[in-house]
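These notes are about the structure you will find just below.
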Amino acid sequence: MGVNYQPVLWSKHKKTYDKWIVIGMFLYLISFIGITLITNSETSAETLIIRAFGTLAIVLLHIILSIGPLARLNPRLLPILYNRRHLGVSMFIAALIHGGFSLFQFHTLGNVNPIYALFTSNMEYTSFTNFPFQVLGFFALVIFFLMAATSHDFWLKNLSPKTWKRLHMLVYIAYILVVLHVFLGAFQQQPSITVIAFLGLGFLTITALHITTAFKESKVDKTKATHQEEGWEYVCDIDEIPEDRAKIFIVGNERIAVFKYDNKLSAIANVCKHQGGPLGEGKVVDGCITCPWHGYQYLPHNGQSPPPFTEKVATYRLKNSNNSIYVLPEALAEGTEVEPVTF
C-alpha cells in the first residue's frame with residue numbers, strides 16, 4: 001500500500017516481474033518468427049508480425065485467466081497475482097500491434113475509412129461459417145483497451161471497486177470473442193487442425209481451472225455454524241485456527257474470517273475493499289491482516305486500515321467457551337472496534 005499517488009510504484013518485485021514479462025515476450029516472438037521462417041520462408045513481413053503478435057496475445061490471455069484460479073488453488077503462486085495487471089497491459093499492447101497491422105494490411109488500401117471497411121467488407125453477419133471474424137477481434141480489442149486504460153488504482157478508487165470489478169470481468173466476454181475470432185479465422189482462411197486443437201486445449205484448461213476453484217469455494221460455503229448458544233453460533237475450536245492465520249465461515253449468509261494472533265482472536269468480514277480479495281486467505285503481518293491479493297491491510301480488532309488509509313470492513317463479536325469459539329451473526333458497522341478474545 002502506498003501513501004502518495006504515483007503513476008507506478010516501481011518496487012524491486014515489480015521490476016523483476018516486468019523484466020520476466022519482457023524477456024518471455026521477446027523469446028516467444030523470436031521463437032515464433034524463427035520457426036515460421038524455417039517452415040514457410042515465403043511468409044511476408046506483415047503476415048509474420050500479425051501472426052506473431054496475435055498468437056502472443058492469445059498465450060498471454062490464457063496465462064492471465066489461469067493466474068486467478070491457480071493462486072486460489074496454490075497460495076505459493078500468489079506473487080504472480082500481485083502484478084497481473086502489468087501482464088494484462090502487455091497483452092493489450094501485443095493485441096493492439098496484431099490488430100493495427102491487420103487493419104493496415106487488409107483495410108487501408110482503398111478509399112473507404114479502414115474502420116468502416118472492417119465492418120462492411122464482409123456482410124455475411126447471418127452466416128456462422130462465413131461470419132466476419134475480424135469484427136469479433138475488434139470488439140475484443142476494445143474491451144482490452146478499456147481494461148488496460150483503467151488498470152491503475154486511480155480508476156479503481158474513482159469508479160468504485162464494484163464498478164471497476166464489473167468492467168474488468170468483461171475479460172471473459174473478450175475471451176469468448178477471441179476464441180470465436182481465432183476459430184472462424186482459422187476455419188475460413190487457412191483451415192488448421194493444429195490451431196483449433198491448441199485453442200480447444202486452452203479453453204478446456206481455463207474452464208477446468210475455474211470449475212475446480214468453484215468446487216473448492218463451495219466447500220467454504222458449507223462451513224457453517226453447527227449449533228447455537230443463546231444467539232451465539234459455534235464456528236470452531238481455537239486449535240483449528242493456525243497462528244497468524246484465519247478460518248473462513250458462513251455466518252448469517254456472509255463469509256467471515258476468524259483470525260488467531262498473539263494469543264487473541266478477532267473476526268472481520270472476509271471481503272477486501274480493494275478488489276474483493278479473500279482476507280481470510282491472508283495472514284497477520286506486523287499486527288495487520290494482509291490481503292493475499294494485493295497487500296491491503298486491516299487492523300484485526302476494528303477492521304480499519306492503519307492511518308493514513310481509510311478502508312474499513314465489518315467486524316464481529318466473538319466469545320471463548322472452553323476453547324470453543326462462538327460468534328454473534330450480526331455484523332457490526334464497518335470499522336467498529338471489538339475487544340479481541342484472549343486465550
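Among Glu311, Glu281, Glu42, the residue with the largest mean-square fluctuation in a Gaussian network model of the chain, with springs joining Cα atoms closer than 10 Å, is Glu42.
Assign one of three labels to region 29-114, namely rounded, prolate or oblate, based on the Cα gyration tensor with a ≥ b ≥ c the square roots of its eigenvalues; rounded applies when a/c is under 1.5, prolate when it is not and a/b is larger than b/c, and oblate otherwise.
Oblate.
Taking the empirical scaling 2.2 N^0.38 Å for compact globular proteins as reference, region 74-169 has a Cα radius of gyration ratio of 1.39.
Within region 224-292, list the trypsin sites (Lys or Arg not before Pro) lying in a DSSP loop whose Cβ has at most 10 other Cβ atoms in a 10 Å radius.
In loop regions of region 224-292 (DSSP not H, G, I, E or B), there are no sparsely surrounded trypsin sites (Lys or Arg not before Pro).
Under the combined filter of DSSP loop state and at most 15 neighbouring Cβ atoms within 10 Å, region 8-99 retains these chymotrypsin sites (Phe, Trp or Tyr not before Pro): Trp10.
Heavy-atom accessible surface of region 185-343, averaged per residue, reaches 52 Å², computed with a 1.4 Å probe. With one equal scatterer per alpha carbon and no solvent term, the Debye-computed log10 I(q)/I(0) for region 1-150 at 0.09, 0.14, 0.15, 0.21 1/Å reads -0.39, -0.85, -0.94, -1.35.
The C-alpha atoms of the chain define a longest principal axis, and helix 171-188 lies at about 30 degrees to it.
Expressed in units of 2.2 N^0.38 Å, where N is the residue count, the Cα radius of gyration of region 137-211 is 1.35.
Gap in Å between the Cα centre of region 171-203 and the Cα centre of region 236-272? Taking the Cα centre of region 171-203 as reference, the centre of region 236-272 is 44 Å away.
The Ile33 and Lys12 beta-carbon pair, evaluated with R₀ = 30 Å, returns a calculated FRET efficiency of approximately 0.40.
When volume of the Cα convex hull per residue in Å³ is computed from the coordinates, the matching label among (i) 164; (ii) 150; (iii) 207 is (i).
The ellipsoid that matches the Cα gyration tensor of region 206-333 has semi-axes, each √(5λ) in whole angstrom, of 22, 20, 13, with the longest given first. Segment Ile193..Leu180, full-extension length gain: 3.2 nm, with 0.36 nm per residue of separation and the alpha-carbon distance subtracted. Cross-link check: pairs Lys15/Lys273; Lys15/Lys264; Lys19/Lys260; Lys216/Lys264 evaluated at a Cα-Cα cut-off of 32 Å; pairs beyond the cut-off: Lys15/Lys264; Lys19/Lys260. GNM on the chain, alpha-carbon springs under 10 angstrom: the most fluctuating residue among Leu81, Leu279, Leu73 is Leu73.
On the principal axes of its alpha-carbon atoms, region 118-261 has extents of 71, 38, 28 Å, going from largest to smallest. Model label points for Arg166 and Phe309, set 7 angstrom from Cα along the Cα-to-Cβ axis, are 2.6 nm apart.
The values are calculated or read from the model by the stated rules, or taken from the named source; none is laboratory data. None of these values were measured; they are calculated from a predicted model. Note that each Cβ is placed from the backbone with ideal geometry, even for glycine, and that neighbours are counted across all protein chains shown. The protein model used for the area step is the full one, side chains on, heavy atoms only, and it has no ligands, DNA or RNA in it. Shrake-Rupley method; radii C 1.70, N 1.55, O 1.52, S 1.80 Å.
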